[in-house]
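Have a look at the structure below, then the notes.
Values quoted throughout were computed directly from the atomic coordinates according to the rules given, and no laboratory measurement underlies them. Bear in mind the structure is a predicted one, so any value in this text is a computation, not a measurement. Glycine gets a Cβ as well: all are built from the backbone with ideal geometry, and neighbour counts include every protein chain shown.
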Amino acid sequence: MSDADEKKRRAALAAMEYVGHGMVVGVGTGSTVNHFIDALAGRRHDIAGAVSSSEASTRRLRDAGIEVMELNSTGDLPLYVDGADEATPSLQLIKGGGGALTREKIVAAASRKFVCIVDDSKVVDVLGRFPLPVEVIPMARSLVARQLVRLGGQPVWREGVVTDNGNVILDVHNLEILDPPALESEINQLAGVVTVGLFARRPADVLIVAGADGLQTLSR
Ligand code: 5RP
């Protein structure tokens with residue numbers, strides 16, 4: 001296992017402390033969350049099930065013997081655990097590198113506690129070094145791209161990728177995001193945008209950062 005993967009695994013194991021008896025757990029997507037799912041498998045008889053943020057996580061959860069439930073039938077969730085592509089010390093995030101941003105934002109919105117798990121390479125002071133993913137209705141791809149250029153970004157179509165919702169992704173380069181909640185609202189307003197991968201209006205509640213020297217936990 002690489003150093004980076006070992007850090008992801010340690011952050012994921014730390015998130016297990018937030019999993020309570022009988023919970024329905026919201027589960028994100030990505031290589032960090034895969035470690036969390038693997039750990040959750042050992043508690044599968046102690047939890048009620050999981051709500052998944054992607055087809056990929058659904059498969060991994062089911063393979064681990066964990067029941068995957070529909071958000072429409074669970075109501076609000078006590079806990080959501082997910083990774084991020086970038087995180088600030090104020091717990092605002094860029095997500096969507098794995099293309100699952102829309103369902104991730106839905107599950108985060110439905111959850112009372114959002115625990116974000118990252119290795120220390122993801123922590124930044126200002127969001128935007130990682131290209132900002134935007135999920136877009138296919139017919140609006142060029143329209144939205146032109147609007148994103150007007151906002152100062154350089155959108156690049158993630159060619160060949162179709163999201164679980166049947167849409168496309170634009171990755172917006174060269175944004176220095178000084179007011180994340182304002183930019184999140186502005187991009188969300190563009191006709192054709194399904195979701196922007198900024199998680200600033202609903203940031204994480206807890207950020208677990210794994211580094212070479214151990215774990216750091218930040219809370220709001
Ligand atoms: C998927 C995501 C992931 O949380 C993000 O891409 C981080 O992934 P990883 O844990 O593999 O580094 O937002 O849409």
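For the reader, a short list of remarks on this structure follows.
- Looking at the stretch 12-105 alone, DSSP beta bridges between its own residues are antiparallel in about 20 percent of cases.
- Stokes-Einstein D for the stretch 181-220, Kirkwood Rh over Cα pairs, 25 °C, 0.890 mPa s (µm²/s): 201 µm²/s
- In this structure, the amide hydrogen of ASP119, modeled 1.01 Å from its nitrogen in the peptide plane, lies closer than 5 angstrom to those of ALA210, counting only residues at least 5 positions away or on a different chain.
- Here the chain is treated with +1 on each Lys and Arg Cβ and -1 on each Asp and Glu Cβ, and its dipole about the Cα centre works out to around 320 debye.
- Seen from LEU61, the other residues with C-beta closer than 14 Å to its C-beta sum to a net charge of 0, counting Lys and Arg as +1 and Asp and Glu as -1.
- Angle in degrees between helix 31-41 and the longest Cα principal axis of the chain, rounded to the nearest 10: 30 degrees
- Signed unit charges on C-beta, dipole axis of the chain, positive-most listed residue VAL206, LEU190, VAL172: LEU190
- Taking one quarter of the surface of the C-alpha convex hull of the chain gives a mean projected area of 11.6 nm².
- Net charge, ASN165 excluded, C-beta distance under 11 Å - Lys, Arg +1, Asp, Glu -1: -2
- The stretch 4-23 residues near the modelled SER73 label - backbone nitrogen below 17 Å, point 7 Å along Cα→Cβ: 23
- Dipole moment magnitude, nearest 20 debye, the stretch 132-197 about Cα centre, only Lys, Arg, Asp, Glu C-beta charged: 280 debye
- Here the sum of -39500 (n - 2.57) over DSSP H runs of 4 or more residues, divided by the residues of the chain, equals -8500 deg cm²/dmol at 222 nm, to the nearest 500.
- Taking amide H as placed 1.01 Å from N in the peptide plane, ILE47 has its amide H under 5 Å from the amide H of GLY22, each at least 5 places away in sequence or on another chain.
- Charge tally in the Cβ shell below 12 Å around ARG9, where Lys, Arg are +1 and Asp, Glu are -1, ARG9 excluded: -2
- For the pair HIS45 and LEU215, a Förster radius of 30 Å applied to the C-beta separation gives a FRET efficiency near 0.65, rounded to the nearest 0.05.
- Antiparallel DSSP beta bridges within the chain, percent to nearest 5: 55 percent
- In this structure, ARG150 and ALA110 have a Cβ-Cβ separation that, at R0 = 30 Å, corresponds to a calculated FRET efficiency of about 0.40.
- Loop GluC sites (Glu not before Pro), the stretch 35-104, which have at most 13 other Cβ atoms in a 10 Å radius of their Cβ (DSSP): GLU67, GLU70
- Rel. contact order, % - alpha carbon contacts under 8 angstrom, at least six apart, the chain: 22 percent
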